[in-house]
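**Q** This is the structure, below, for whatever I ask next.
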Amino acid sequence: MFGIAKNFVTVFIAVGLLSGSAAYAASDVLKLRMGAGNLGTGKSKSELCQGCHGEVGISVDEMAPNLAGQYAYYIAKELRDFQSGARTHEIMSPVATTINEAELIDIANFFANQKIMQGDHPGGNPEGERIFLKGDAPRKIPACETCHGVNGKGKAPYISTYPVIGGQNKEYLRAQLLNWRSGKRANSPGGMMNMVAKPLTNAEIEALAEYISGL
Ligand code: HEC
Ligand code: HEC
């Protein structure tokens, strides 16, 4: 049983890395910076976003995700997904279509370079911690840490694939896990997050949201 689950994880990691590899830019000076974007204009252009995502990417609304320290490639991918309709949301879909590609890159770089989001209750949920670190092999739930990194702080800044989730807002995390499980959100490469979330119970989603938001 464990072997099957392990293969499952390996396959999806491979899919993820393949789909993200074209975006590598290891020579960039700033760790999280992407393309030729300008942080100064990113700051001024992000005014449109600050009402919900905060001045430095720490959201003022629990349903809006923190963007501080999120990877630029991931922020950009999500904005393009909102523009194309690959991801939909009543607020973000119309907002994303008001910015052009240059603005999108500047804003993504600006938020990526802010002090990374931080939770305030580390280790707050043992059940969430267990799934995050070990998964549940017989039920084909992979360890979240495998793709989201130690403490959910991400593991691959130069690709769009694996976002930072540690320290993200609890309400937002819960909503996204429910959306992955139901299929309402289906924009992860190879559908990997839908497969990850499918076996999770409501109680496990609650435990994970509690644990991850504290990191
Ligand atoms: C009126 C509130 C509001 C405004 C203004 C707003 N957002 Fe959002 N944003 C949200 C909400 C709510 C979500 C969560 C969407 C969901 O649940 O799928 C979100 C999601 C996102 C995400 C996805 C992040 C992730 O972790 O997947 C990005 C990126 C984003 N917003 C960027 C922006 C940018 C850039 C702007 C400005 C151009 C902006 N937002 C303006 C409310 C807002
Ligand atoms: C096989 C790799 C993989 C594993 C394992 C994995 N994830 Fe993910 N996760 C992803 C990818 C890729 C995305 C980004 C999807 C996209 O492109 O929008 C993601 C996105 C997310 C998001 C949305 C983040 C945001 O800002 O919107 C949450 C929440 C999340 N994962 C939680 C989890 C939890 C909880 C677990 C463990 C039960 C887990 N993930 C295991 C690959 C993985």
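The values are calculated or read from the model by the stated rules, or taken from the named source; none is laboratory data. Computed from a prediction, not measured in an experiment: that's the story for all the values here. Backbone-built Cβ (ideal geometry, glycine too); neighbour counts: all protein chains shown. Just so you know, the surface numbers come from the protein's heavy atoms only, side chains and all, with ligands and any DNA or RNA stripped out. Shrake-Rupley method; radii C 1.70, N 1.55, O 1.52, S 1.80 Å.
**Q** Apply the Karplus parameterisation 6.51 cos²θ - 1.76 cosθ + 1.60, with θ equal to phi minus 60°, to every residue of the stretch 40-56 and state each ³J(HN,Hα) to the nearest whole Hz, in sequence, with x for glycine and proline.
**A** These are the phi-based 3J(HN,Hα) values: x, 5, x, 5, 5, 6, 7, 4, 4, 9, 5, x, 10, 8, x, 5, 10 Hz.
**Q** So, one more: If you roll a 1.4 angstrom probe over the protein chains with everything in place, what fraction of the accessible area of the stretch 31-112 belongs to carbon and sulfur, to the nearest %?
**A** Numbers: 2270 of 3750 Å².
Of all accessible area on the stretch 31-112, carbon and sulfur atoms account for 61 percent.
**Q** Counting only residues 5 or more places away or on other chains, whose amide H sits under 5 Å from the amide H of I141 once H atoms are built in the peptide plane?
**A** Here the answer is D136, since their amide H atoms fall under 5 Å of that of I141.
**Q** Semi-axes of the equivalent ellipsoid for the stretch 31-112, please: Cα gyration tensor eigenvalues, times 5, square-rooted, ordered largest first, whole Å.
**A** Details: eigenvalues 59, 45, 26 Å².
Result for the stretch 31-112: semi-axes of 17, 15, 11 Å.
**Q** Which whole-Hz couplings ³J(HN,Hα) result when phi for each residue of the stretch 172-181 is put into the Karplus expression 6.51 cos²θ - 1.76 cosθ + 1.60, θ = phi - 60°, listed in order with x for Gly and Pro?
**A** Whole-Hz 3J(HN,Hα) from phi for the stretch 172-181: 5, 4, 4, 4, 5, 5, 5, 5, 5, 5.
**Q** Rounded to whole Å, give me the distance from the Cα center of the stretch 145-160 to that of the stretch 193-207.
**A** After rounding, the separation between the Cα centres reads 19 Å.
**Q** Okay, moving on. Using the Cα centre of the stretch 40-137 as the reference point, and only Cβ charges (+1 on K/R, -1 on D/E), how large is the resulting charge dipole? Debye, rounded to the nearest 20.
**A** 280 debye
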